[in-house]
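A.B. asks: Starting off with a structure, shown below.
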Amino acid sequence: MRNVRLFVALLGLACATLAPLQEATARPAKGPTEVVLSRDSDGAWLLEYRFARAAPAWFFVRSSNALHGKPWRARSLQVETPGVRLERIGHYDVLVGDGRPLSSVRIRVTPYIDPIIADYQPVLAFSDGGVGIYSDHHLLAPLASSAAAKELPLDLNGFPFEQVATRLTVRDPGKALLFEGKLYRDAIKLKLEKQQSYIYSGPARAVATPAFVGIIDPGLPQWTRDELDRFTPRLFDFYTQRLGKPTGARPTLLAAWGGTAFKGVSQGGSVLDGMVVMNLKGTGMVDPKPALIAQTRWFIGHEGAHFWMGQTVRAKRRSDSWMTEGGADLMAVRALAHYDPAYDVRARLQRSIDACIAVNGSKPLSGALERGEHRANYDCGAVLMMAAEGAARKRDAKSDLFTWLQMLIEPNRKTGLVTADDWIGAFTAVGGVGAADVRMFLDRGVPDPAAFITELLAANGVAVRRDGARVILT
């Protein structure tokens, strides 16, 4: 759940296709693009761009869609500059002029406070009027024409687009701003290419514990606040004992309460460099039933696990995010079982197996994000991690998931990156059976996912049986 993690562009792209982007880089910017996001006394937000140089079009580098599959910015941004419009072109939201190069744009903003697909929620809404603003959603890059946006791949790593230095200023008079663990008053200025995180602005005071520093929404149900205060430090102690200290300083926590307008339970979250973000809401969150407490602890466990699987090491390519998401899923399961022997591990892992088979079909896991099947990286990733854990335990009865994860994390701490090759290497090193089949599952897909999962888990010491289309943990 991290950044625009960009992968190498398709080698088959013709030189003629790259020409519009290469032309854009032929006139480099002389200074940074200046972006100002400000809130006036009436609470309205205004976004103003002064571009480093004029260009026919500028595209938002992070342009994931809303959960309903449509562009979220269409609901959030109202362009006020005459002759400028916001369009969806290919995979990206693009600011386009009426034939004149764009040098500055003024936009009225309605904060978008819902989750989006495989990226950070644009704005966290706190019950006391505070907000958490994800900085990198304001980053744009120039294009030689709006048509050039059609040639931009979903993952931009290695693709020749012009990356312009961008300075973001957030102004909220009378409010405290928290960023990277530091407090500011009224305004904060940062460099987007180096500082990508949430900026909190609002009336709440930061709180600090040995495990984190941050903002806990005063509107959260008391039992949830208690869980954050009590369980989170124990969780981080456990992970640190098993995997060593995570990269970076003490985490910053933003825990927002979305109220009870939503019927049921909604728990969303993510981890950035040095930050845990939680967004909780729903009528079902009010009554702390045992199942809800277990679910909330699992949620904290998953998000906390990303400080190791996602921050200490992260997937080099977005298509390999099954390692970090599946790893965090299984880490949370094992942490809960450590603290609560009554926790139903089998039922939780069975859901991952069922969901992996249902969503993945015979398609390659590496293409899940492009297909919009981001949950496959969680569920199928957890299944693959179960196989690695089983292989480690089969080789040495004293081993478990965390001893195997050390083999994946420690050799890659310096670079902070892991690949599917690294995973398969660590899997093979403990005698894992079926590496070639895993590679096929990732890159090409398998004709019968249930058969693949049955054979992979059974061969690596995880007891399963087939029951028609299902694979049952026994």
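A.B. asks: For segment 280-295, how many residues meet the condition of being open to solvent by less than 10 Å² (accessible area, probe 1.4 Å) and not in a loop (DSSP other than H, G, I, E, B)?
C.D. replies: Step one: list which residues in segment 280-295 are open to solvent by less than 10 Å² (accessible area, probe 1.4 Å), which gives 280, 282, 285.
Filter once more, so that each one left must be not in a loop (DSSP other than H, G, I, E, B): 280, 285.
Going through segment 280-295 one residue at a time, the tally reaches 2.
A.B. asks: Can you say whether SER399 is of a type in the set (Ser, Thr, Tyr) and farther than 14 Å from ALA315 by Cβ, as far as the supplied structure shows?
C.D. replies: Values: of a type in the set (Ser, Thr, Tyr): yes; farther than 14 Å from ALA315 by Cβ: yes.
Yes, satisfied.
A.B. asks: Could you please give the count of residues in segment 354-370 that are in contact (Cβ under 8 Å) with a residue 60 or more places away in the chain, surrounded by fewer than 17 Cβ atoms within 10 Å (Cβ to Cβ) and under 20 Å from the mean Cα position of the chain (by Cα)?
C.D. replies: 1
A.B. asks: When you scan segment 94-110, how many residues do you find that are under 29 Å from ASP217 (Cβ atoms) and surrounded by 15 or more Cβ atoms within 10 Å (Cβ to Cβ)? Full working, then the answer.
C.D. replies: The initial filter retains those residues of segment 94-110 that are under 29 Å from ASP217 (Cβ atoms), namely 107-110.
Checking the rest, the ones that are also surrounded by 15 or more Cβ atoms within 10 Å (Cβ to Cβ) come to 107, 109.
The number of residues fulfilling the criteria is 2.
A.B. asks: Same structure, new question: Assess whether ARG108 counts as being under 26 Å from LEU178 (Cα atoms) and not in a loop (DSSP other than H, G, I, E, B).
C.D. replies: Considered against the rule, which asks whether it is under 26 Å from LEU178 (Cα atoms) and not in a loop (DSSP other than H, G, I, E, B), ARG108 comes out as yes.
A.B. asks: In this structure, does LYS245 turn out to be in contact with a Ser or Thr (Cβ under 9 Å, 6 or more places away or on another chain), without any contact (Cβ under 8 Å) to a residue 40 or more places away in the chain, of a type in the set (Lys, Arg) and closer than 17 Å to PHE126 by Cα?
C.D. replies: Working: in contact with a Ser or Thr (Cβ under 9 Å, 6 or more places away or on another chain): yes; without any contact (Cβ under 8 Å) to a residue 40 or more places away in the chain: yes; of a type in the set (Lys, Arg): yes; closer than 17 Å to PHE126 by Cα: no.
Here the answer is no, as LYS245 does not meet what is asked.
A.B. asks: If ALA176 meets every condition in (1) at pLDDT 90 or above; (2) over 22 Å from LEU139 (Cα atoms); (3) open to solvent by less than 30 Å² (accessible area, probe 1.4 Å); (4) assigned to a strand (DSSP E or B) apart from one, which number is that one?
C.D. replies: In the conditions (1) at pLDDT 90 or above; (2) over 22 Å from LEU139 (Cα atoms); (3) open to solvent by less than 30 Å² (accessible area, probe 1.4 Å); (4) assigned to a strand (DSSP E or B), ALA176 misses (1) alone.
A.B. asks: Oh, and also: May I ask you to verify whether ILE89 is surrounded by 17 or more Cβ atoms within 10 Å (Cβ to Cβ) and β-branched (Val, Ile, Thr)? Give the derivation first.
C.D. replies: Numbers: surrounded by 17 or more Cβ atoms within 10 Å (Cβ to Cβ): yes; β-branched (Val, Ile, Thr): yes.
For ILE89, the condition - surrounded by 17 or more Cβ atoms within 10 Å (Cβ to Cβ) and β-branched (Val, Ile, Thr) - is met.
A.B. asks: Looking at the structure I just gave you, is VAL446 within 28 Å of the chain's Cα centre (by Cα), not in a helix (DSSP H, G or I) and not small (Gly, Ala, Ser)?
C.D. replies: In short, yes.
A.B. asks: Looking only at strands (runs of 3 or more DSSP E) that lie completely in segment 27-89, which have at least 2 residues being of a type outside the set (Asp, Glu) and in contact (Cβ under 8 Å) with a residue 60 or more places away in the chain? First the steps, then the outcome.
C.D. replies: Values: elements: 33-39, 45-55, 57-60, 77-79, 84-89.
By residue number, 33-39, 45-55, 57-60.
A.B. asks: Mind checking which residues of segment 111-160 are in a helix (DSSP H, G or I), open to solvent by 40 Å² or more (accessible area, probe 1.4 Å) and closer than 23 Å to HIS68 by Cα?
C.D. replies: Listed by number, the list holds a single entry, LYS150.
A.B. asks: Report, by residue number, each residue of segment 225-278 that is closer than 12 Å to GLY304 by Cα, open to solvent by 20 Å² or more (accessible area, probe 1.4 Å) and aromatic (Phe, Trp, Tyr).
C.D. replies: PHE236
A.B. asks: State the number of residues belonging to segment 410-430 that are open to solvent by less than 50 Å² (accessible area, probe 1.4 Å) and part of a loop (DSSP other than H, G, I, E, B).
C.D. replies: Summing the residues that are open to solvent by less than 50 Å² (accessible area, probe 1.4 Å) and part of a loop (DSSP other than H, G, I, E, B) in segment 410-430 gives 3.
A.B. asks: Can you tell me which residue is nearest to PRO233 (Cα to Cα) among those in segment 179-223 that are open to solvent by 10 Å² or more (accessible area, probe 1.4 Å) and polar (S, T, N, Q)?
C.D. replies: Among residues in segment 179-223 that are open to solvent by 10 Å² or more (accessible area, probe 1.4 Å) and polar (S, T, N, Q), the one nearest to PRO233 (Cα to Cα) is THR209.
A.B. asks: Is it the case that LYS263 is more than 23 Å from the chain's Cα centre (by Cα) and not in a helix (DSSP H, G or I)?
C.D. replies: Numbers: more than 23 Å from the chain's Cα centre (by Cα): yes; not in a helix (DSSP H, G or I): yes.
For LYS263, the condition - more than 23 Å from the chain's Cα centre (by Cα) and not in a helix (DSSP H, G or I) - is met.
A.B. asks: Let me ask you something else. Determine, yes or no, whether ALA52 is open to solvent by less than 30 Å² (accessible area, probe 1.4 Å) and modelled with pLDDT of 90 or more.
C.D. replies: Numbers: open to solvent by less than 30 Å² (accessible area, probe 1.4 Å): yes; modelled with pLDDT of 90 or more: yes.
Against the criterion (open to solvent by less than 30 Å² (accessible area, probe 1.4 Å) and modelled with pLDDT of 90 or more), ALA52 qualifies.
A.B. asks: Check ILE107, ILE117 and return the single one that is under 17 Å from the mean Cα position of the chain (by Cα) and among the hydrophobic types (A, V, I, L, M, F, W, C). Please lay out each step first, then the result.
C.D. replies: Details: ILE107 fails: under 17 Å from the mean Cα position of the chain (by Cα).
Testing whether each residue is under 17 Å from the mean Cα position of the chain (by Cα) and among the hydrophobic types (A, V, I, L, M, F, W, C) leaves just ILE117.
The values are calculated or read from the model by the stated rules, or taken from the named source; none is laboratory data. A quick note: this is a predicted structure, and the numbers were derived from the prediction, not measured. Positions of Cβ are backbone-derived with ideal geometry, glycine not excepted, and every protein chain shown enters the neighbour counts. Just so you know, the surface numbers come from the protein's heavy atoms only, side chains and all, with ligands and any DNA or RNA stripped out. Shrake-Rupley method; radii C 1.70, N 1.55, O 1.52, S 1.80 Å.
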